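Here the structure comes first, spelled out in structure tokens, and everything after it is commentary.
Please treat every number below as a calculation from the coordinates, not as lab data. On a predicted model such as this, the values are computed, not experimentally measured, just so you know. Note that each Cβ is placed from the backbone with ideal geometry, even for glycine, and that neighbours are counted across all protein chains shown.
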Amino acid sequence: MSDDNVLIHAASRGDASAFRTLVERYKKTVYYIAYDLTGQHHTAEDLSQDVFLKMYRGLGTFRGDATLRTWLYRVTVNTYLSQQRKKAFTALNFFSDHKKDDCDLTDVIPAEDEHSPEKMAEAVMMQTHIQAALNKLSPRERTVFTLRHYQDLSLKEIADIMDVRIGTVKSTLFRAIQRMQKALAFYKLDFNA
Amino acid sequence: MTCKSCQTMFVDFQEKLLSNEQNAQMDAHLRSCDACQQAWQEYQYTIRTMIRRERFEPDESYWNGYWDRLEEKLPSENIRHRSQIKLWQVILNWMSVIPRWGYQLAGAAALLIIGFIVGLQFRTIENTTIEIPANPIQSQLTVAAQTNRYLERSKTLLLGIVNLDPEQEQLALSSVRHQRRISRELVDEARYLKTALNQPGQQRLQELVSELELILMQITNLDAQYDLQSVDLIQQSIDQQGIFLKIDLEEMKQQMNRDDARQQAHPTI
């Protein structure tokens, strides 16, 4: 039994410190998947904590067929997709996608560029365009692209996490890249500058 | 290789999932086709650009407070209480490993069992049906005896209903359960008696049996939970229709008939 499984077993029997150890071990992993999927700090925090709440409630149902890491990926992706489906039914969708959430894009620019206003502006513009291209994707396309290129998972792992065939992952990824290609074409000159 | 098939293989080409032969075909097509060459460069450019995205990195204080913020959201009950709900988790775990055909088999078995139980119920009802004796005189004697027994049992049952004490709900509840069972038997019996009471002079008795049958059906249909309002309605029906008076009159009439019969059989008494 792996170390994770020992902790899960202990946590499911009521050991709070075992659950805390699991959270401390995986909080960054889950947060960064959530951030890559949502692109917003506070939304990522909420999503990652939702994932740990689901883990807390479902400790007894974890069968150990997959690693805890894969299981957390799956729960994060499913929670994200489910939230996006709910959002799709609200008129707020447009505004929430376009409003500046909680973390200014200047927050993600490397510190060394802060001294060069020109480079800073250029970097901010690029990040804006990248975010705009990501926002053009459907939740499933965004999930596939994120898992492949930001989380560096294989197509097979993505298919397992999303419970789809590998062919579906490939076609979704191709579609996502084509869509972003169109979105970036407008800004291509900016990037090449 | 066509341009379309070339471009649909971009993902596999990028992921290095093509065979050597397919790779060679792709290379050859991209060298010879400017449109596909440009599409391939744009495809790669898009990926290269998109992975230049910078991630927001929360500082250490954010991570240090992560557990505290999560703990506030955890259900109010202590994590130690989880052991109390372990049984259903075990059942869920167990259920999740059962294959689909297992559920189908269990469903089929459940249907068979339900069918068997329903069949048994019908068989019981058939068994309780009272057969009419072949001999008409014997038949009428039997019907008279059965009617007497029916009236007596119905009267006892209705007295129980009339005297139900709503203040003692638990006692009333157990009484109603018992009374529903007896009523069901008497309703079955009434169905037979209505057809058996076909002699001249038995019309009033037949009507009484029918009236009783309706009230008994109301009792049979009482809710499993003690339903004070329905019981009250039944009590009112019994009172308004003067059921007890009619039963008493019928019993007196039966008694007189029996006395007459005894007188004729033993005139000296």
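Some observations on this one:
- Simple label model, 7 Å out from Cα along Cβ direction - A:Lys86 to B:Ala28, nm: 5.5
- Were the residues from A:Lys54 through A:Asp3 laid out at 0.36 nm apart, the gain over their Cα-Cα distance would be 16.3 nm.
- At R0 = 56 Å, FRET efficiency that the Cβ-Cβ distance of B:Ser5 and B:Ser174 yields, to 0.05: 0.10
- Label point at B:Ala145 placed 7 Å out along Cα→Cβ; residues across region B:234-269 whose backbone nitrogen lies under 20 Å: B:251-266
- Available extension along the chain between B:Asn257 and B:Gln104 is 48.7 nm, counting 0.36 nm per residue and deducting the alpha carbon span.
- Loop-located GluC sites (Glu not before Pro) in region B:16-65 (DSSP state not H, G, I, E or B) with no more than 16 neighbouring Cβ atoms inside 10 Å: B:Glu54.
- Using the Cβ-Cβ distance between B:Glu152 and B:Gln229 with R0 = 41 Å, the FRET efficiency computed as 1/(1 + (r/R0)^6) comes to roughly 0.90.
- In nm, spacing of pseudo-spin labels at B:Arg204 and A:Glu24 (7 Å Cα→C-beta vector): 9.4
- Over 26 Å (Cα to Cα) - which of A:Lys87/B:Lys4; A:Lys28/A:Lys119; A:Lys27/B:Lys73; A:Lys119/A:Lys170 fall in this group: A:Lys87/B:Lys4; A:Lys28/A:Lys119; A:Lys119/A:Lys170
- C-alpha center-to-center spacing [region A:40-73, region A:129-189] in angstrom: 22
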